[in-house]
Amino acid sequence: EKVHFVQTYSFFGEQNEVHYDVNPSGFRGPAFRPKADGTSHLVFLGDSFTFGEGVHNQDIYPEVAARLLRKEGKRVQACNLGVGGYNTSQAAEVLELIGFGLQPDVVVLGYTLNDAEPPLFQVDPQSGQPVRRPREAFIESEGVLRRPPDTPLYRLHLAQAIWQVQRQRHLSRQTIDYYLSIHEPSSEGRIESEQALREIITSCNQRDVPCIVVMFPLLFNLSRDYPFRKIHDQIGRVVQETGGRFIDLRPALMGQDATALIVHPTDQHPNEKVHALA
């Protein structure tokens with residue numbers, strides 16, 4: 001039976017601010033405690049989906065998973081190493097530099113379609129400072145909410161409706177073309193992402209640590225016509241062939257209204273309902 005969600009934007013404060021707690025290690029959530037006898041460490045990798053952009057810390061899927069296990073009587077600590085804007089290669093680096101030092105009993109990688117993109121931040125060779133790559137120039141639907149032109153014609157409700165329909169068609173086509181392009185077989189980003197996936201799973205296997213890859217669908221057209229099913233299937237094959245476990249969240253979200261699953265109309269990160277499902 002399908003459950004249809006009601007949309008809320010509960011993360012914003014009274015002044016529309018967004019607040020995150022960051023621990024002394026520089027990651028989200030409480031401080032990482034040394035591993036005690038009988039305690040399992042769950043190490044989570046990924047980007048802003050795993051970090052939980054726009055979602056309270058107690059509602060992000062690493063914390064929900066740990067809480068559910070505690071209810072079963074298990075002693076667990078969730079170590080969230082998700083960093084907004086990171087791709088799979090950067091997640092692999094975090095695992096080697098920090099993750100294995102936390103003595104994980106299981107590693108979970110949250111995978112999203114934009115993990116095949118190049119790094120979001122790059123170092124400016126002149127200033128030495130990090131510079132953000134303007135990805136919204138290529139994927140406009142993830143930018144700001146646009147309105148019709150401020151002209152007498154578009155003050156008519158019919159004209160506004162037509163404008164919205166045409167714009168949505170344009171954004172839909174642009175979204176589909178963009179994500180299909182970065183996952184083309186010859187795409188450098190796809191090749192590097194799949195190589196990093198294999199590195200993560202192989203490193204876990206060598207340490208007898210189970211590795212689970214949780215794939216989040218793009219919250220867009222969650223129907224039988226979802227345009228990125230082949231990409232999900234391909235990632236699943238890479239994970240399973242390398243010896244990891246693959247969990248695809250797309251089937252569980254099929255038929256849902258995608259606009260009820262995002263943190264805000266201008267921000268397509270998954271809200272607390274998607275995290276609970278994950």
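Some notes on this structure:
- When every residue of segment 209-216 is checked against the conditions, at least one turns out to be open to solvent by 50 Å² or more (accessible area, probe 1.4 Å), modelled with pLDDT of 95 or more and either within 18 Å of LEU109 (Cβ to Cβ) or not in a strand (DSSP E or B) (or both).
- Residue, least open to solvent (accessible area, probe 1.4 Å), within segment 101-113, restricted to residues that are part of a helix (DSSP H, G or I) and in contact (Cβ under 8 Å) with a residue 40 or more places away in the chain: LEU113
- All of (1) farther than 25 Å from GLU194 by Cβ; (2) open to solvent by less than 60 Å² (accessible area, probe 1.4 Å); (3) free of Cβ contacts under 8 Å to residues at least 60 places away in the same chain; (4) touching a Gly at 6+ places or on another chain (Cβ under 8 Å) hold for PHE11 with one exception: (3).
- Cβ pairs under 8 Å, 6+ apart, first in segment 81-100 and on the phi > 0 side of the Ramachandran plot, second crowded, with 18+ Cβ neighbours inside 10 Å and of a type outside the set (A, V, I, L, M, F, W, C): GLY85/ASP47; GLY85/SER48
- Some residue of segment 72-87 being under 16 Å from ALA31 (Cα atoms) and assigned to a helix (DSSP H, G or I): no
- Residue in segment 30-38 that is farther than 23 Å from GLN122 by Cα, among the aromatic types (Phe, Trp, Tyr) and open to solvent by 10 Å² or more (accessible area, probe 1.4 Å) present: yes
- For GLY243, the requirement of being in contact (Cβ under 8 Å) with a residue 60 or more places away in the chain, farther than 17 Å from ARG190 by Cβ, touching a Ser or Thr at 6+ places or on another chain (Cβ under 9 Å) and open to solvent by 40 Å² or more (accessible area, probe 1.4 Å) is not met.
- Among the candidates LEU120, LEU95, LEU81, residue that is open to solvent by less than 60 Å² (accessible area, probe 1.4 Å), among the hydrophobic types (A, V, I, L, M, F, W, C) and under 24 Å from THR175 (Cβ atoms): LEU120
The values are calculated or read from the model by the stated rules, or taken from the named source; none is laboratory data. This one's a predicted model, so the numbers in the text were calculated from it and none came from an experiment. All Cβ positions, even for glycine, are placed from backbone atoms using ideal geometry, and neighbour counts span all protein chains on display. Please note that ligands, DNA and RNA were not included when accessible areas were found on the heavy atoms of the full protein model with its side chains. Shrake-Rupley method; radii C 1.70, N 1.55, O 1.52, S 1.80 Å.
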